[in-house]
Amino acid sequence: MTSLSSEILIKNFKISFEDYSLDLLQKSKHWQRHYNYKYKKFEDKQYLQNFRKHLSEGLDDARHLNQHVDLKNVSKAIKEIGKDLVLKNLSKKNIGGSEYVYKLYNYYIDMNELVHISWFKDLNSKIKENEIKNVIEIGSGFGSLARIILNNYNCKYILIDLPEANLLSSYFLTQNFPNKKIYLYKDYKKHKILSTNKFFENDIIILPPWFHLDQNIKIDLFINTRSMMEMNFDVIKKYFSLIHQSISEDGYFLNINRYSKETVGHKINLWEYPYDDSWRVLLSKKSFWQNHIHLLLTQREKVKKNKNIVNELKIIKKIGLPYSEKKIMGKNQFL
């Protein structure tokens, strides 16, 4: 069993929170609003055990989705995704104490989780399990998608997010995977780089955005879901530099974000994300249940004739213009 108690996780949070000044650019205007928490609540073990009761809609979509979806639509969603895949990946524990779940037999049905299972289905339809030995998820939240991928793939998983989210994901994943070895910021601070040795020694690695990755580590799959749309564009460019530098020769990038959003002080358009031209589009479609969000899966590609990302971004622009921030405000933003 893991030795990561709540006390250790809270201590790790304090250490990383104190180092926020290393990368102040990370906290955009959007996240300054969402993460306007009182520091003291993170010192409370009771809060940590019931963290999903306190998260906003932007951090836990189950709060919004379950208020607008009835069991008839849940059944429809399960049928569309596939009953076997859903049952394999539903939780049997309500970790975090969410009040927005349906209890059915021995399972907790979480609408946020159903969306994430649908994303995994799309991802898995285009890649082979044994291709993915390691993953970096940028903006991993409390670890919901990470749990599903780790439940299906035998891979090493790096989660990158702000200290507040990392506290929640470290608790959530520790509870879900008690036998996996987890590497935290307190471990990273001893060396100030995620070395190849530490990378291979651990199963789950949870770090803030200002971490440094050994240049010899190459990543098979990068993921960002619904958080680049809430970052300053300079931060987006920084993450794309990380992706372009650290992705394996034929690695993948799963990008799921709004066509357009403006909560950081300037408009963030999906079609303007700084892809270089060495990407082949494997899947490009509207997200499950969320028409204003696009799912784009690409693979790193050397062969010139297969690189089609530039043309695809032009197509995404045509699709996305009707879904500007102003046109969806006041409507259900998740269904």
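Laid out as a table, the results:
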read-out	value
Added length on full extension, which subtracts the Cα-Cα distance from 0.36 nm per residue, Gln215 to Lys41	58.9 nm
For Gly251, distant residues with modelled amide H under 5 Å away	Arg300
Within a Gaussian network of the chain (alpha carbon springs, distance under 10 Å), most fluctuating of Asn257, Asn311, Asn166	Asn311
Computed lengthening from Lys103 to Lys267, 0.36 nm per intervening residue step minus Cα-Cα distance	55.1 nm
Residues of segment 227-265 with amide N under 15 Å of a point placed 7 Å along Cα→Cβ from Lys126	250-257
Separation of the Asn311 and Glu7 label points, Cα + 7 Å toward Cβ, nm	6.2
Residues Leu159, Leu4, sorted so that the one with the fewest Cβ neighbours within 10 Å comes first	Leu4, Leu159
Entries of Lys156/Lys198; Lys286/Lys317; Lys72/Lys93; Lys53/Lys186; Lys261/Lys317; Lys83/Lys286 with Cα pairs more than 18 Å apart	Lys72/Lys93; Lys53/Lys186; Lys83/Lys286
Contact order normalised by residue count of the chain, Cα under 8 Å, 6+ apart, percent	16
nm² value of the averaged projected area, convex hull over the Cα atoms of the chain	16.3
Computed [θ] at 222 nm, deg cm²/dmol, the chain (DSSP H ≥ 4; -39,500 (n - 2.57); rounded to nearest 500)	-10500 deg cm²/dmol
Added length on full extension, which subtracts the Cα-Cα distance from 0.36 nm per residue, Asp19 to Lys302	98.0 nm
Net charge of Cβ neighbours under 15 Å - reference Lys128; Lys, Arg +1; Asp, Glu -1	-2
Share, in percent, of DSSP beta bridges within the chain that are antiparallel, nearest 5	50
Cα centroid separation - segment 92-117 against segment 232-300, whole Å	28
Ranked list, fewest to most other Cβ atoms within 10 Å of each Cβ, for Arg280, Arg147	Arg280, Arg147
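Read-outs throughout are calculated quantities, based only on the coordinates presented, and are distinct from any laboratory measurement. For clarity, every value in this text was computed on a predicted model and none was experimentally measured. As a convention, Cβ positions derive from the backbone with ideal geometry for all residues, glycine included, and neighbour counts pool all protein chains shown.
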